[in-house]
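For reference, the structure is listed below as structure tokens.
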Amino acid sequence: MDTSIFVLGFVIVLALAFDFINGFHDTANAIATSVSTRALRPRTAILLAATMNFVGALLFTGVAKKIGGSITDPALLDNGIAVVTATLIAAIIWNLVTWWLGIPSSSSHALIGALVGAVYVGAGSEHIKWSGFVEIVEGLIFSPLIAFAVGYVVMMILKWIFARRSPHTINKGFRSLQVLTAAFQSFTHGTNDAQKAMGIITFALVTSGHLDSMEVPLWVKIAAATSMALGTSIGGWKIIKTMGTKIFKIEPINGFAADISAASVIFTATLMHLPVSTTHAITSSILGVGSAKRFSAVKWGIAGRIVVTWFITIPITAVLSGIIFKLFF
């Protein structure tokens, strides 16, 4: 499995490009509520998110190992580098398309769908660990449902606690607290989403014979964390607008409830070594909070458009990566 160092280098650059795009694509979700409620100025929010993403990305590797080894065994693929290349190109294309349209789709879904499609076409279905794939998909399905429920419950509790307080006083207090929840949410994004690029790079190193196991090297951690932090510094204003204003009118207490709910779900998944979609968790928690505030306040048409994107991402990226593999390898 001798692979040219230049080809491997190209794959690593592609993986870091995916992480960079993930930074401005998904991290926009993490700071959307704090920006829309003016708890943080946009530049401050982006700097905070970039810093906390970097820190979170350095501290955990469980999700990286899950991504890299649960869907297929990189050591058994003769054309593993081609599989990884097709996977990354397909995931990047889908992320850019949905970013351009302002739709908060899932980078996790894009990457997992693309990997399954590339392995299926490039190596055959017998090389796909279907049980591992199902386990990951179950996490991706249940995490937004849990985030919705947690967001709804947290908001109902806050409504009950502060029912007799003036809205001005409540919003002033929670606007300050949103700084902390935005930082926590960005940190949890780093602990989970940055791991995906780390997993793919480590996958490439194993399949090319440069590593013997899915243990993530320190330089991979630093490179992925830096790439995501740089991507975060660019921002994702179209997605911030969708998340922060188009689902329902978010006030500071709503933003706090949504942020703490989503971050808790994401961090729990990280501790369980499960790759989940930050986009799904944050969007679902916002929907849950909005429903608790007033069901009719949620713009369900926008929410439906987002949900449709969730369901089509895995099959579309799987087909796209399969086509790319067929055309170029």
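The values are calculated or read from the model by the stated rules, or taken from the named source; none is laboratory data. Small disclaimer: the values here were computed from a predicted structure and weren't measured. Every residue, glycine among them, receives a Cβ derived from its backbone with ideal geometry; neighbour counts consider all protein chains shown. These accessible areas exclude ligands, DNA and RNA; they are computed on the full protein's heavy atoms, side chains included. Shrake-Rupley method; radii C 1.70, N 1.55, O 1.52, S 1.80 Å.
Overview of results
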quantity: The chain - convex hull of alpha carbons, volume per residue in Å³; calculated: 106
quantity: Principal-axis tilt of helix 278-293 within the chain, Cα atoms, nearest 10 degrees; calculated: 20
quantity: In degrees, nearest ten, helix 218-234 long axis to first principal axis of the chain (Cα); calculated: 50
quantity: Degrees between helix 80-101 axis and first principal axis of the chain (Cα, 0 to 90, nearest 10); calculated: 30
quantity: Size of electric dipole in the chain: Cβ of Lys, Arg +1 and of Asp, Glu -1, about Cα centre, debye, nearest 20; calculated: 1940
quantity: Dipole of the chain [Lys/Arg +1, Asp/Glu -1 at C-beta], most positive-end residue of 214, 190, 116; calculated: 190
quantity: Percentage relative contact order, the chain, counting C-alpha pairs under 8 Å, at least six apart; calculated: 39
quantity: Where 20, 187 fall by accessible area, highest first, once all protein chains stay in place (1.4 Å); calculated: 20, 187
quantity: Computed label-point distance, nm, for sites residue 126 and residue 179 using a 7 Å Cα→Cβ extension; calculated: 6.0
